[in-house]
1. Being under 16 Å from the mean Cα position of the chain (by Cα) and of a type outside the set (A, V, I, L, M) is the filter; apply it to the stretch A:55-68 and report the residue that is farthest from A:Ala122 (Cα to Cα).
2. Identify, please: which residue in the stretch A:121-144 is among the charged types (D, E, K, R) and part of a helix (DSSP H, G or I) and is, among those, farthest from B:Met142 (Cα to Cα)?
3. Can you give me the number of residues within the stretch B:41-54 that are over 14 Å from the mean Cα position of the chain (by Cα) and assigned to a helix (DSSP H, G or I)?
4. So which residues in the stretch A:5-38 are aromatic (Phe, Trp, Tyr), within 14 Å of chain B (Cβ to nearest Cβ) and part of a helix (DSSP H, G or I), if there are any at all?
5. Can you give me the number of residues within the stretch B:144-168 that are within 7 Å of chain A (Cβ to nearest Cβ) and out of contact with any Lys or Arg (no Cβ under 6 Å at 6 or more places or on another chain)?
6. Mind counting the residues in the stretch A:165-204 that are in a helix (DSSP H, G or I), among the basic types (Lys, Arg) and out of contact with any Asp or Glu (no Cβ under 8 Å at 6 or more places or on another chain)?
7. For the stretch A:128-142: of the residues being closer than 17 Å to A:Gly199 by Cα and within 9 Å of another protein chain (Cβ to nearest Cβ), which is nearest to the chain's Cα centre (by Cα)?
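The values are calculated or read from the model by the stated rules, or taken from the named source; none is laboratory data. Quantities reported herein were computed from a predicted structural model and do not represent experimental measurements. Here the Cβ is made from the backbone with ideal geometry for all residues, glycine too, and neighbour counts use every protein chain on show.
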2 protein chains.
Amino acid sequence: MMNFKKELDNKVEIINKYLDEFIPQPHGYAEVIYDAMRYSSFAGGKRLRPVLMLSAFEAVGGVGEIIYPFACALEMIHTYSLIHDDLPAMDNDDYRRGKLTNHKVYGEGLAVLAGDALLNLAFETMIHAIKSQKSWEAVEAMDVIASSAGIKGMIGGQVVDLISEHKPVDIDILHYIHKNKTTAIIQAALKVGAILGKGSSTEIKALEEFGYCLGMAFQVQDDILDVISTQEELGKPIKSDEKNGKATFVSLKGLEYSKEYVKQLSRDAAHQLEIFKEKGQFLSWLSEYLMSRTY
Amino acid sequence: MMNFKKELDNKVEIINKYLDEFIPQPHGYAEVIYDAMRYSSFAGGKRLRPVLMLSAFEAVGGVGEIIYPFACALEMIHTYSLIHDDLPAMDNDDYRRGKLTNHKVYGEGLAVLAGDALLNLAFETMIHAIKSQKSWEAVEAMDVIASSAGIKGMIGGQVVDLISEHKPVDIDILHYIHKNKTTAIIQAALKVGAILGKGSSTEIKALEEFGYCLGMAFQVQDDILDVISTQEELGKPIKSDEKNGKATFVSLKGLEYSKEYVKQLSRDAAHQLEIFKEKGQFLSWLSEYLMSRTY
């Protein structure tokens with residue numbers, strides 16, 4: 001167990017090093033935008049998505065550096081989505097991970113542009129990697145990321161989340177929101193890791209399924225923590241879903257059902273890792289580690 | 001002359017047809033986002049950037065369909081930038097091209113997401129084209145578009161534009177804003193057309209230079225029209241630059257100097273087209289047509 005935690009820390013450290021390289025240092029007339037991009041990119045994110053991508057890459061025996069620009073690109077997309085999601089016109093959050101949100105520090109206009117810039121930079125970073133490696137797998141990987149981030153994925157989920165506030169929401173709509181807003185990107189992380197690592201189609205499929213179960217479990221767990229955690233532990237105001245009039249798994253199905261559902265998804269996720277034998281052990285540990293989190 | 005105008009109308013029509021195909025019809029739980037994306041995409045845009053790309057493609061003798069997804073992707077990027085630029089936290093404009101701006105119709109939250117969705121869809125559209133054609137020129141073309149749209153291009157220009165409001169701005173900063181906020185994308189349109197049309201490096205360079213002159217001329221012309229046009233002609237409030245405390249070429253260098261500068265840039269642009277002989281005639285006409293506009 002100690003070794004896995006150390007491996008996780010190592011992965012996070014490597015990703016932070018690459019992120020620091022891919023997001024330029026502030027310079028020139030527009031230097032404030034680099035500050036804003038870096039502020040949210042280095043505000044204590046857990047690097048869950050890039051770590052998952054890297055772990056899937058290793059689970060299929062991937063080698064080489066191609067994984068890092070893609071892992072960082074996905075983290076940039078995640079960060080841009082948080083910056084825009086926190087805006088007054090969206091979730092209107094003042095704090096994230098215990099720090100002021102981007103627009104509270106830089107103002108709304110620059111927060112919109114910092115998000116735009118991170119989304120664009122994610123693609124620039126992937127394109128440069130594709131050009132230097134001349135790899136069609138990398139083009140396929142970029143396609144997976146682009147689709148999962150767009151209207152048929154993350155943005156679609158954010159839209160339905162936004163328009164559903166203070167409205168009656170049934171379990172189908174909530175499922176759509178969770179599946180798209182959070183799960184799509186997590187699923188893409190696993191699939192892209194498997195593609196770039198040149199996994200077999202069976203391996204790619206298994207990791208994609210694992211990603212689905214983990215992503216949904218992670219999101220339902222978020223709903224649970226929003227109710228049972230404390231502001232100190234969570235680093236942001238608790239009961240924000242209730243405050244924003246948002247339906248959650250807990251509000252629709254109750255706390256016990258939600259906890260049970262997370263357990264079921266975790267079992268399904270574990271099942272998908274069986275074919276990887278010892279190479280899947282880190283992902284297996286990570287999945288359990290994430291499900292036992294209290295923040 | 002009549003033929004050129006007809007050719008322009010034909011190009012605009014073809015681009016509109018492809019755009020209509022690439023931006024999905026509203027459907028599903030998130031259907032409002034498709035409405036919002038389509039609202040601004042079909043709000044009377046002149047299609048200047050895709051028309052320029054198509055014309056550069058033809059000037060170097062390009063053949064095939066690959067140009068259309070790229071032309072539409074650039075238009076999507078242009079449209080997303082307008083939606084975000086019009087937001088209250090940015091230029092705070094209620095009207096564009098005589099119609100209500102996106103956030104006035106759909107609200108700020110959805111306007112942010114509609115912009116995000118169009119930027120993402122631009123990349124999805126290019127990636128699908130690259131995958132179906134397996135063309136490395138197309139990867140290069142996507143790189144040019146991504147760079148011109150990012151922090152070293154359009155977004156950088158928007159940032160400096162935003163932070164310079166109500167502040168003393170010298171001609172160097174204004175030049176940076178114009179070069180990046182508007183010109184970078186116009187220049188990319190020409191360069192990408194030349195790359196996808198498999199032009200020689202001399203042809204690509206000439207069209208890139210042409211794009212620079214045209215883009216700068218177009219932006220300075222915008223500054224001029226903001227002062228001398230009427231709201232009816234322009235389709236948006238005039239003197240918005242003055243209202244927003246924005247320095248312009250006209251405010252820094254005067255109206256006469258600005259008009260002379262546009263003429264000089266137009267001459268420089270024309271000069272770059274000489275190597276294309278009769279194949280450059282449409283671009284030559286288009287350049288003059290744009291410089292004589294009053295709206």
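1. Among those residues, the one meeting the criterion is A:Ser55.
2. The extreme case among them is A:Glu137.
3. Here the count works out to 0.
4. The answer is A:Phe22, A:Tyr34.
5. 11
6. Total satisfying the criteria: 1.
7. It comes out as A:Met142.
Each row is one residue, and each column tells you yes or no for (1) of a type in the set (Lys, Arg); (2) crowded, with 17+ Cβ neighbours inside 10 Å.
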position	(1), (2)
B:Lys6	yes, no
B:Glu13	no, no
B:Lys17	yes, no
B:Tyr39	no, yes
B:Gly44	no, no
B:Leu48	no, yes
B:Ala59	no, yes
